[in-house]
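Visitor: One structure, as structure tokens, below. Some questions next.
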């Protein structure tokens, strides 16, 4: 498996723990403020991004959906409403995030539709060809081994099934300096104020900068075995939707 530079970017540089353990601990630490900070730091546009992501699956009409790095279950909940599949499974390595997601799902009376489980993207506890579609929103940057995680997703997708990834990217042109100012200074500042964890939002920017985005990521998808790959940049390139299919 190829090692990419973002695979080694960690939230807490002085910790001896693996990236996977650090990321799980980081999300446990900020779980209670995660949804609020998502809405606050993005001005609510993250909801639009997620809706555009799920729109990529409307023609496919998946009956079974796996949401990797599900966090507090936002994409799973949106998918239940927008796509109406029979079953949605969400997995995440942070139990703190999952606890909040389960409470949201119970409140919305969606327990019969959505199940959130603690799970590792690089060792998915599902049989081959289990899901019609897989989604990953702002999670692939956190994989400790990107190729291994994508290979696992390919394994559990049924032939013809579709992967849709939503991930941060780096805008081009004159807007980039504004973006860098925001990500370098304002996001960590608000992270420190609202959840007492400045490193979490410094890690956000560091991992985005190191992530192999754009056509490079499409090439990685192809190398792993995905077909019909495509990308769509959103909001001046702040984030990107990537798609790929498992060959029939």
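Visitor: Looking at the stretch 212-233, I want the residues that are under 14 Å from residue 163 (Cβ atoms) and have a partner that is exposed (fewer than 15 other Cβ atoms within 10 Å of the Cβ) with Cβ atoms under 6 Å, at least 6 apart or on another chain. Which pairs are those?
Guide: Hits for this filter: 227/247; 229/222.
Visitor: Taking the stretch 4-30 as the search range and keeping residues that are outside any helix (DSSP H, G or I), in contact with a helix residue (DSSP H, G or I) (Cβ under 9 Å, 6 or more places away or on another chain) and at pLDDT below 85, which one is surrounded by the most Cβ atoms within 10 Å (Cβ to Cβ)?
Guide: Start the filter on the stretch 4-30 by keeping residues that are outside any helix (DSSP H, G or I), which leaves 4, 9-18.
Then keep just the ones that are in contact with a helix residue (DSSP H, G or I) (Cβ under 9 Å, 6 or more places away or on another chain); that gives 4, 9-13, 15, 17.
Imposing the further condition that a residue be at pLDDT below 85 reduces the set to 4, 9-13.
Values: 4: 18, 9: 19, 10: 21, 11: 24, 12: 17, 13: 11.
So the residue we want is 11.
Visitor: Continuing with the same structure: Here is a list of conditions, (1) touching a helix residue (DSSP H, G or I) at 6+ places or on another chain (Cβ under 7 Å); (2) modelled with pLDDT under 95, and residue 134 meets all of them except one; can you say which number that is?
Guide: Every condition holds for residue 134 apart from (2).
Visitor: Does the stretch 217-227 include one or more residues that are at positive phi and surrounded by 18 or more Cβ atoms within 10 Å (Cβ to Cβ)? Give the steps one after another, and end with the answer.
Guide: Taking the stretch 217-227 as the starting set, the residues that turn out to be at positive phi are 225.
Remaining after also requiring surrounded by 18 or more Cβ atoms within 10 Å (Cβ to Cβ): none.
Scanning the stretch 217-227 turns up no residue that is at positive phi and surrounded by 18 or more Cβ atoms within 10 Å (Cβ to Cβ).
Visitor: Also, quick follow-up: Please work out which residue is nearest to residue 57 (Cα to Cα), limiting yourself to the stretch 221-248 and to residues that are in contact with a helix residue (DSSP H, G or I) (Cβ under 7 Å, 6 or more places away or on another chain) and in a helix (DSSP H, G or I).
Guide: It comes out as 221.
Visitor: Where residues in the stretch 125-143 are touching a residue at least 60 places away in the same chain (Cβ under 8 Å) and surrounded by fewer than 20 Cβ atoms within 10 Å (Cβ to Cβ), which of them is farthest from residue 164 (Cα to Cα)? Don't jump to the end; show me each part of the working.
Guide: First pass over the stretch 125-143, keeping only residues touching a residue at least 60 places away in the same chain (Cβ under 8 Å): 126, 130-143.
Add one more test, that the residue is surrounded by fewer than 20 Cβ atoms within 10 Å (Cβ to Cβ), and what stays is 126, 130.
Values: 126: 18, 130: 16 Å.
The selected residue is 126.
Visitor: Moving to a separate point now. Working carefully through the options 54, 37, find the one that is touching a strand residue (DSSP E or B) at 6+ places or on another chain (Cβ under 9 Å), in a helix (DSSP H, G or I) and closer than 22 Å to residue 240 by Cβ.
Guide: On the way: 37 fails: touching a strand residue (DSSP E or B) at 6+ places or on another chain (Cβ under 9 Å).
Selected residue: 54, the only one of 54, 37 that is touching a strand residue (DSSP E or B) at 6+ places or on another chain (Cβ under 9 Å), in a helix (DSSP H, G or I) and closer than 22 Å to residue 240 by Cβ.
Visitor: If you take the residues of the stretch 60-75 that are in a strand (DSSP E or B) and within 14 Å of the chain's Cα centre (by Cα), which of them is farthest from residue 166 (Cα to Cα)? Talk me through it step by step, then tell me what you get.
Guide: Within the stretch 60-75, the first condition is being in a strand (DSSP E or B), and the residues that meet it are 64-68.
Pick out the ones that are also within 14 Å of the chain's Cα centre (by Cα) and you get 66-68.
On the way: 66: 14, 67: 12, 68: 11 Å.
Per the criteria, the residue is 66.
Visitor: Further, regarding this structure: Quickly run through the stretch 76-113 and pick out the residues that are touching a residue at least 60 places away in the same chain (Cβ under 8 Å) and either touching a helix residue (DSSP H, G or I) at 6+ places or on another chain (Cβ under 6 Å) or part of a strand (DSSP E or B) (or both). Don't jump to the end; show me each part of the working.
Guide: Looking only at the stretch 76-113, we keep the residues that are touching a residue at least 60 places away in the same chain (Cβ under 8 Å), and these are 92-97, 99-100.
If the condition is that a residue be touching a residue at least 60 places away in the same chain (Cβ under 8 Å) and either touching a helix residue (DSSP H, G or I) at 6+ places or on another chain (Cβ under 6 Å) or part of a strand (DSSP E or B) (or both), then 92, 93, 94, 96, 97, 100 are the ones that fit.
The values are calculated or read from the model by the stated rules, or taken from the named source; none is laboratory data. Since the structure is predicted, the reported quantities are computational estimates derived from the model, not experimental observations. Quick reminder, even Gly has a Cβ in these numbers, built from the backbone with ideal geometry, and neighbours come from all protein chains shown.
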